[in-house]
């Protein structure tokens, strides 16, 4: 997973492009998101390396939470001046206290892994510590219109510090497509026709009260004699209310002043649902990286 932002799904609308075509878009309110914590694999203490989190990631928050509604651990996670007996005893013992973001408690807290492949972050370039993380981000600059449109890939060094506030313009500058992670609408316990698209059994008079049933649930050849159905069979059960990732949605418009991002197409969840948005990690046909590689190959042929 690459660096992204947390936000809300506002809803769907349509926008008109310069050539008059209509784009169906989903409006996303993303950020501002303060950096609450930097996860890092290990640290040098004295003459030895001490294992810490075991991975590199950045922890972001979204939307302030009233202090009276936040628990004391939630307040202590972000407050720099919150007094506690444990903090005082560790300070007296000479233990270095990790830096705090010094912001209000956050309603939504999510992590974005930086050391995993894919997306527009180069995993080998990641250096993380308790106070900051440095990462090399890949971006794509566009120029021209129509068939003469050109795509130019370039890299940029990005430094993330605890307490820094990330906005749409910082993360999604020169990003052509994104992945949206959300929770689909819950539809409760549903049958096989609605959940899996089964056709059902015959609707004639000869079929008695079995019109919407799944059919035979007897054991199959590979499971015969086991006394139980084969695992993974499509049957009735919980439908929806699960994590869903929609990949490679084209970015239609970025509005940094209002913290809005408009992407082409629909995303999971209801209006007001919490979503995570990151630059797409797709690298195959149809991805932004494929467009840059296609132009580079065309340029080499001309030479």
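The GNM of the chain, with springs linking C-alpha atoms under 10 angstrom apart, assigns the highest mean-square fluctuation among 106, 132, 190 to 190. Report the calculated FRET efficiency for residue 145 and residue 257 (r = Cβ-Cβ distance, R0 = 30 Å), to the nearest 0.05. Computed FRET efficiency for residue 145 and residue 257 comes out at 0.75. Note on 18, 242, 23: ascending count of other Cβ atoms within 10 Å places them as 18, 242, 23, the fewest first. If the segment from residue 23 to residue 42 were pulled out straight at 0.36 nm per residue, it would be longer than the present Cα-Cα gap by 2.2 nm. In this simple spin-label approximation, residue 199 and residue 90 carry label points 7 Å from Cα along the Cα→Cβ vector, and these lie 6.4 nm apart. Here the extension length gained between residue 127 and residue 69 equals 17.3 nm, from 0.36 nm per residue of separation less the Cα-Cα distance. For the chain, the longest principal axis of the Cα atoms and the long axis of helix 288-302 meet at an angle of about 80 degrees. The order of 143, 2, going from fewest to most other C-beta atoms within 10 Å of their C-beta, is 143, 2.
Each part reduced to its alpha carbon centroid, region 122-180 and region 256-286 end up 16 Å apart. For the pair residue 156 and residue 185 in one chain, pulling the backbone fully straight at 0.36 nm per residue adds 6.7 nm over the alpha carbon distance. For the pair residue 241 and residue 212, a Förster radius of 35 Å applied to the C-beta separation gives a FRET efficiency near 0.95, rounded to the nearest 0.05.
Ordering 231, 291, 185 from the fewest to the most neighbouring beta carbons within 10 Å gives 231, 185, 291.
Taken along the Cα-to-beta-carbon direction at a fixed 7 Å, the label points for residue 12 and residue 83 span 5.5 nm.
FYI, it's all coordinate maths here, none of it is from the lab. Just so it is clear, the structure is predicted and the values come from calculations on it, not from any experiment. Using ideal geometry, Cβ is built from the backbone for each residue, glycine included, and neighbour counts are taken over all protein chains shown.
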